[in-house]
1. Do we have any residue at all in region 89-100 that's under 13 Å from the mean Cα position of the chain (by Cα), of a type outside the set (D, E), under 24 Å from Q11 (Cβ atoms) and surrounded by 15 or more Cβ atoms within 10 Å (Cβ to Cβ)?
2. Being surrounded by 17 or more Cβ atoms within 10 Å (Cβ to Cβ) and hydrophobic (A, V, I, L, M, F, W, C) is the filter here, so list the residues in region 31-63 that pass it.
3. Which condition breaks for Y45 when tested against (1) aromatic (F, W, Y); (2) under 22 Å from D145 (Cα atoms); (3) modelled with pLDDT under 90?
4. Restricting to region 98-139, name every residue that is free of Cβ contacts under 8 Å to residues at least 60 places away in the same chain, closer than 19 Å to P25 by Cα and among the small types (G, A, S).
5. Can you pull out every residue in region 41-67 that is more than 16 Å from the ligand (Cβ to nearest atom), free of Cβ contacts under 8 Å to residues at least 40 places away in the same chain and part of a loop (DSSP other than H, G, I, E, B)?
Amino acid sequence: MQDNASASIGQVGYVSIEQPFGLQPPQVHCPICGQQQFVEQDDEYLETPCEHLAFVFGGEEDEFVYASADFSARFARFDAELDLRFPEEARVGEEYEEASSFYRDLFPRRLADLGYGAHLLALRITYGGMAEGSPVWFSDVYGFDYSTIRDEEA
Ligand SMILES: [Zn+2]
């Protein structure tokens, strides 16, 4: 297949995966270089992002727990546009939710808003376990940016 600069931006690759109940949070490795993105050391999770990782959204934290410089810049632009569209007093109601939220099916739409296309692979991994006697589920989202691949890796 031919590819060139004028190729359309395409749709973000967004994949939802569910782990069996009771397993530890996912150990995600980069699909490009194979590096593990978090490692456990002395009961602590250390961020070990490779250059292809754009972001990690932590379901338990309910926010982005890792952002590359490129992702941060895209997010700042998105946020500034949102500020223009929705002044402080307009930040209520469904329309604002639809335009600003990152959860569930809105997540891939937000990634498109951030200017991502088919060069981004987002893995949404859902995992569950017992917490204080009740089952709880969380979904983390990992974004890998294939436009960061350099010649020697391609
Ligand atoms: Zn990598």
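1. Step one: list which residues in region 89-100 are under 13 Å from the mean Cα position of the chain (by Cα), which gives none.
So far as region 89-100 goes, no, none of its residues is under 13 Å from the mean Cα position of the chain (by Cα), of a type outside the set (D, E), under 24 Å from Q11 (Cβ atoms) and surrounded by 15 or more Cβ atoms within 10 Å (Cβ to Cβ).
2. Matches in region 31-63: I32, F38, L53, A54, F55, V56, F57.
3. (2)
4. Hits for region 98-139 are A131, G133, S134.
5. D42, D43, E61, D62 - these are the residues of region 41-67 that are more than 16 Å from the ligand (Cβ to nearest atom), free of Cβ contacts under 8 Å to residues at least 40 places away in the same chain and part of a loop (DSSP other than H, G, I, E, B).
The values are calculated or read from the model by the stated rules, or taken from the named source; none is laboratory data. Quick caveat, the model's predicted, so the values are computed rather than measured. In this analysis, Cβ positions are derived from the backbone assuming ideal geometry, glycine residues included, and neighbour counts consider all displayed protein chains.
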